[in-house]
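S.K.: This is the structure, below, for whatever I ask next.
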Amino acid sequence: MNMIETQNLCKAYGDFTAVSDLNLHIQKGRVYGFLGPNGAGKSTTMKMFLGLTNPTSGSFQIDGKHYPADRVAILKEVGSFIEAPAFYGNLSGEENLEIIRRILGLPKSSVREALELVGLTQFRKRAAKKYSLGMKQRLGLAGALIGRPPILILDEPTNGLDPVGIHEIRTLIRSLPKQYDCTVLVSSHLLSEVELMADDIGILNHGRLLFEGTANDLKIRARDEGYPTDNLEEIFLAMIDEDNRKRGAGQ
Amino acid sequence: MILQIEAKKCKRTGFLPAVLLAACAASAFPILNMLVRAETFTAMAGTPFDILTDANWQMMAMLNMVLVICGACLMYHTEFADNGIQKMDVLPVRAGSLFFGKFVLLVLALCGMLLLETAVLTGCAAHWFPAYTWTFSETLQSAGFQLILTLPTVMLMLWVASACKNMWVSLGIGVILVFVMTILPQDSTVLQLFPFNTPYKTLATVQGAGDVPLFLGICGAETVAFGLFEFVFLQIRRWYA
Ligand SMILES: Nc1ncnc2c1ncn2[C@@H]1O[C@H](COP(=O)(O)OP(=O)(O)OP(=O)(O)O)[C@@H](O)[C@H]1O
Ligand SMILES: [Mg+2]
């Protein structure tokens, strides 16, 4: 069953098309790695899912609910983290999560749980603007994970974390579907990272989907199309390169 | 609940000190005025409360508007500074409830200020005009009237603050609006019904001209209109974000 599905989703800013004719299929209970170079349209797609920006055309469903009619119902099920951590610098980490907890109507204990999950318990009383970059990132993640939402949309969640933090967060994301059967959409620039976390991979370039499937599918496809390598990272780079060349020729 | 959350967000932003400071400054003004020039006013003919309001309200209304401007800018600065507003936008609340919460909070702060200010005016009248018998309803009526006349200003200013991510831009717009309204000619009724201009009106002068229903009606309508405007603005912004 598809938890998130899009039909010819497009987003244009003026005459620039950031996302074009996207058809994604994100299955329930799996981690979906959303891969693409800078400016590919990953964040834009995620922003559309969260109602931060309206699609220019096309449609999407999240858990069978339609945007914009069911915007609030969709947001009830989705925990999210987009681009950079969003928080109130004047409030402490704990107070920030407390605000989210109240709005979501969660039990009091969920704040403590979320802080523990991302390893911020020790710094919960410190004003968030005095957090280090990685701590801010962790606070953002805590805000996404609080209340264990059935769907998680995470935009480059390991950005700015130290190696230990990256490992922790990867392991956490990897374990979430098993822990409570949630669906995760996570974006990244690195195939090596996505490979470690994700069950399914979607590759985006210049707003168009080049590939969707498992890592194994990707290897099979690479072999069929005659890419000389077995290394996923190189396949990814070769695919992007080839697509860029085609686009260049088309223009 | 939304009000509690909005109040919580104002922690350590300087919102409460700003309200207290403005309230103290505005209330101190008539007292100082009386301490310095009591004879000028006690010699005047008319209701003591109206004499004092006439003498002091321009300044006090200006201070109230400064508070409205600063309050709106501070509240939205807290949202934009670390992008907290984006997190709010992806939580399951109806569009506009954040704005509405801020509006109610600012109106409550203003309510407190106006009550204190009219109480001080009444107190001054009672102190310096021994013959004056004051009534609660008169004081409350005056405070309520001023509140309604300031509502469009609150709504418009909050819209400006919500539209400009840079606090200094919204602060500048607010100050310019106050300034422009004071230098515009004051003889046309239409201009007097503009936000940033209505707060200067006092109940006594409006009553004298028989315009009370007009002012209350127009200010109420303006408030609703600016509120709807914000709502539409939020919907339109989604296309360009
Ligand atoms: N508000 C906007 N107005 C105009 N163009 C925009 C806007 N937001 C994004 N874009 C453009 O849309 C394209 C896709 O941006 P997006 O942020 O989705 O990329 P991304 O895949 O998340 O990249 P990154 O990996 O760098 O985060 C970019 O070319 C960007 O300049
Ligand atoms: Mg991005």
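Nothing in this text is a laboratory measurement; each read-out follows from the coordinates by a stated rule. Quick caveat, the model's predicted, so the values are computed rather than measured. Ideal geometry is used to build each Cβ from the backbone, glycine not excepted, and the neighbour counts take in all protein chains shown.
S.K.: Under the 0.36 nm per residue contour assumption, what length would be gained going from the current alpha-carbon distance of B:Thr205 and B:Asp54 to full extension?
M.R.: 53.5 nm
S.K.: FRET efficiency for A:Ala12 and B:Ala163, Cβ-Cβ distance as r, R0 = 30 Å, nearest 0.05?
M.R.: So, using R0 = 30 Å, E works out to roughly 0.85.
S.K.: Under unit Cβ charges (Lys, Arg +1; Asp, Glu -1), what dipole magnitude, rounded to 20 debye, does chain B have relative to its Cα centre?
M.R.: 940
S.K.: Out of residues 5 or more away from A:Ala18 or on other chains, whose amide H comes under 5 Å of its own, with H placed 1.01 Å from N in the peptide plane?
M.R.: So A:Ala18 has HN proximity to A:Lys11, A:Ala12, A:Tyr13.
S.K.: By count of other Cβ within 10 Å, fewest leading, how are B:Met59, B:Met167 ordered?
M.R.: B:Met59, B:Met167
S.K.: Can you check what the net charge comes to around A:Gln137, using other residues whose Cβ is under 12 Å from the Cβ of A:Gln137 (Lys, Arg +1; Asp, Glu -1)?
M.R.: Taking every Cβ under 12 Å from that of A:Gln137, the sum is -3.
S.K.: Tell me, what is the percent relative contact order of chain B, built from C-alpha pairs under 8 Å that lie six or more residues apart?
M.R.: Normalised by residue count, the contact order of chain B is 26 percent.
S.K.: Could you compute Rg(Cα) / (2.2 N^0.38 Å) for segment B:1-103, with N its residue count?
M.R.: It is 1.52.
S.K.: For every other residue with a beta carbon closer than 14 angstrom to the beta carbon of A:Gly165, add +1 if it is Lys or Arg and -1 if Asp or Glu, then tell me the sum.
M.R.: Charge balance in the 14 Å sphere: -1.
S.K.: List, in order, the whole-Hz ³J(HN,Hα) value for each residue of segment B:136-153 obtained from phi through the Karplus relation with A = 6.51, B = -1.76, C = 1.60 and θ = phi - 60°; use x for Gly and Pro.
M.R.: 4, 4, 5, 4, 5, 4, 5, 4, x, 4, 4, 4, 5, 5, 8, 3, x, 4
S.K.: Quick query: amide H of A:Val78 versus all other amide H atoms, modeled in the peptide plane; which residues come in under 5 Å with a sequence gap of 5 or more or a different chain?
M.R.: none
S.K.: Still on this structure: Pairs of alpha-carbon atoms within less than 8 angstrom and 6+ residues apart define the contacts here; what relative contact order does segment A:106-251 have, in percent?
M.R.: 15
S.K.: In what order do B:His77, A:His25 fall by count of nearby beta-carbon atoms within 10 Å, going from fewest to most?
M.R.: Fewest-to-most ranking of B:His77, A:His25: A:His25, B:His77.
S.K.: Report Rg(Cα)/(2.2 N^0.38 Å) for chain B, keeping two decimals.
M.R.: The value comes to 1.07.
S.K.: Give me a comma-separated list of calculated 3J(HN,Hα) values for segment B:159-175, in order, Karplus coefficients 6.51, -1.76, 1.60 applied at θ = phi - 60°, integers in Hz, x for any Gly or Pro.
M.R.: Once θ is set to phi - 60°, the couplings for segment B:159-175 become 5, 4, 5, 6, 8, 9, 6, 8, 4, 5, 5, 5, 4, x, 4, x, 5 Hz.
S.K.: Also, quick follow-up: How much length is gained on full extension from B:Thr40 to B:Leu116, taking 0.36 nm per residue of separation minus their Cα-Cα distance?
M.R.: 24.9 nm
S.K.: Note the count of lysine pairs whose C-alpha atoms are less than 27 angstrom apart in segment A:107-251, limited to pairs 8 or more residues apart or on different chains.
M.R.: 9
S.K.: Cα atoms only, chain A: Rg and Dmax in Å?
M.R.: That works out to 18.5, 58 Å for Rg and Dmax.
S.K.: Now for a different question. Determine, at each q value in 0.13, 0.14 (inverse angstroms), the log₁₀ of I(q)/I(0) that the Debye formula gives when each Cα of segment A:51-189 is one equal point scatterer.
M.R.: The Cα Debye sum returns log10 ratios of -0.56, -0.65.
S.K.: Output the Kirkwood hydrodynamic radius of segment B:68-192, Cα pairs only, in Å rounded to one decimal.
M.R.: Mean inverse Cα-Cα distance, inverted, gives 16.9 Å.
S.K.: Here's a follow-up. Using each residue's phi in segment B:201-210, evaluate 6.51 cos²θ - 1.76 cosθ + 1.60 at θ = phi - 60° and report the 3J(HN,Hα) Karplus result to the nearest Hz, with x for Gly and Pro.
M.R.: Per-residue couplings from phi come out as 5, 10, 4, 4, 5, 5, 4, x, 8, x Hz.
S.K.: If every alpha-carbon in the protein assembly as shown counts as one equal scatterer, what log10 I(q)/I(0) does Debye give at q = 0.07, 0.09, 0.11, 0.12 1/Å?
M.R.: -0.50, -0.72, -0.93, -1.04
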